[in-house]
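Student: Sharing a structure, written as structure tokens. Questions coming.
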Amino acid sequence: MPSFTRIASKAELPDEGEAREFNLGEKMICIANVNGEITAMDNVCLHRGGPLGQGVIEGDKIVCPWHGWQYVAKTGEAAHNPAAKLAIYLIKVEGDDVLVEI
Ligand code: FES
């Protein structure tokens, strides 16, 4: 059953218009700040495994730094093919802690 787990402190969150990658156990999670809204999705691009948290934000999408695949931050869907979809996670801030449901 999913439960909320601490992934970062509030101060570590990316600034608006940026993404960042975080370790959560054996997983890497991409946390993005799109127009002030914080989202969390798998960090591994479905193309060839690029690190999305090292990518840039364009509009409402995270752009993979390796070959430019774009993912809608809120849904995890690849912009060119919505059937290609990364897992997304609920995320919340409690005090100074950032928690994701995983
Ligand atoms: S690995 Fe992400 S676009 Fe190729």
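Student: Order the peptides 27-34, 43-50 from the highest to the lowest mean number of other Cβ atoms within 10 Å of their residues.
Tutor: With the highest mean Cβ count within 10 Å placed first, the list reads 27-34, 43-50.
Student: Let me ask something else. From Cα pairs below 8 angstrom and at least 6 apart in sequence, can you work out the relative contact order of the chain, rounded to a whole percent?
Tutor: About 28 percent, as a whole number.
Student: Please give me, ordered by residue number, the GluC sites (Glu not before Pro) of the stretch 12-102 that lie in loop per DSSP and have at most 15 other Cβ atoms within 10 Å.
Tutor: Those satisfying the criteria are Glu16, Glu26.
Student: Let me ask something else about it. Using the Cβ atoms and a cut-off under 14 Å, what net charge is assigned to the surroundings of Phe4, where Lys and Arg are +1 and Asp and Glu are -1?
Tutor: The answer is -1.
Student: For the chain, which whole-number percentage of the solvent-accessible area (1.4 Å probe, protein heavy atoms only) is attributable to carbon and sulfur atoms?
Tutor: Ligands and nucleic acids excluded, carbon and sulfur give 48 percent.
Student: May I pose another question? Which of the chymotrypsin sites (Phe, Trp or Tyr not before Pro) found in the stretch 38-102 are in a DSSP loop and have at most 15 neighbouring Cβ atoms, other than their own, within 10 Å?
Tutor: Of the chymotrypsin sites (Phe, Trp or Tyr not before Pro), the ones in loops of the stretch 38-102 whose Cβ has at most 15 other Cβ atoms within 10 Å are Trp66.
Student: Give me the one-decimal nm value for the distance between modelled label points at Lys10 and Asp96, 7 Å along each residue's Cα-to-Cβ direction.
Tutor: If labels sit at Lys10 and Asp96, their model points lie 1.0 nm apart.
The values are calculated or read from the model by the stated rules, or taken from the named source; none is laboratory data. All of these numbers come straight from a predicted model, not from anything done at the bench. Glycine gets a Cβ as well: all are built from the backbone with ideal geometry, and neighbour counts include every protein chain shown. With ligands, DNA and RNA removed, areas are computed over all heavy atoms of the protein, side chains included. Shrake-Rupley method; radii C 1.70, N 1.55, O 1.52, S 1.80 Å.
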